[in-house]
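The values are calculated or read from the model by the stated rules, or taken from the named source; none is laboratory data. Since the model is a prediction, treat every value here as computed from it, not as a measurement. SASA here: full protein model, heavy atoms, side chains in, ligands and nucleic acids out. Shrake-Rupley method; radii C 1.70, N 1.55, O 1.52, S 1.80 Å.
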Amino acid sequence: MGRVSSQELADFLRRRREDLRPEDVRGETTLPPSRRARRTPGLRREEVAALAQMSVSYYERLEQARAPRPSPQVLSALATALQLTEAERDHLARLAGQVLPAENGGAPEHVPEDAQQLLGRLDGIPAYVVNDRQDIVAWNAAAAALITDFSRLTPDERNLTRISTRFRDTLCTGAPGSESDFSQQVAAQLRAASVLHPTDNVLAELINEFATHDPDFARSWRNHAVRPIPGVRKNLHHPTLGELEIDRHTLSLPGSGFSLVMYTAEAGSPSAAALKSL
């Protein structure tokens, strides 16, 4: 396992351990006693080791990026001990080299034909398709009318993170109480993509660029936030439709490396009526 992956794995384990509180541990499980006062709210290393039924020294080496590549059995035990979600379990496995990176080292290029057809059938529903790097690679007319004419952008500009940065103060903002949801969603998607495509320099540049402009993204990235947020509510100021409250839905297209993004509004609301006029 390469040095970068070892450090990423160590950081992920440490942050998930620190996020887990003693009171989160299931009632039938007993944490090992300790004479030391708890200085932080998260679990201690020896507690995670006990929960995963492994030696403390081995777990400590994992968090110090000094241990050999963990086996699938060890990863499964750690995932259970840390109460990881399905997305976090998958991310842990990838960090440990249990899933091979994509062969081409970059984002997928060809949009599946059925995804192209689906875009055309979503009459009146703004939608587009993104790859692992969050490049917008296909869209329908409603999406262009709602957000921007994507055809007027260069391929480099036609990226979700760059468009979001560009329009952050003028077009689209997070709805009250959900301002950071979009940034966390993008961080989770790009974090997964960075493990799949570790040699993709374009992706690395995008991550650095977005982290510079968006503190919520930077915080989610540091915290290894990989839990997907399939729906995000946003407030959008449209030049002709006015103020809209819309929901952004992201659906993975299995086996393709692409995702479908759709925008809807609550049935019967003024925003829903406005979307129908696109």
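Distant-in-sequence amide contacts of ALA265, defined by a placed amide H-H separation under 5 Å and a gap of 5 or more residues or a different chain, comprise ASP247.
Accessible area per residue for the stretch 207-278, computed on protein heavy atoms with a 1.4 Å probe, is 52 Å². The apolar share of the surface of the stretch 195-277, taken as the fraction of accessible area on carbon and sulfur atoms (1.4 Å probe, ligands and nucleic acids excluded), comes to 56 percent. Could you check how many percent of all C-alpha pairs in the stretch 227-267 are farther apart than 14 Å? Taking all Cα-Cα pairs of the stretch 227-267, the fraction more than 14 Å apart is 56 percent.
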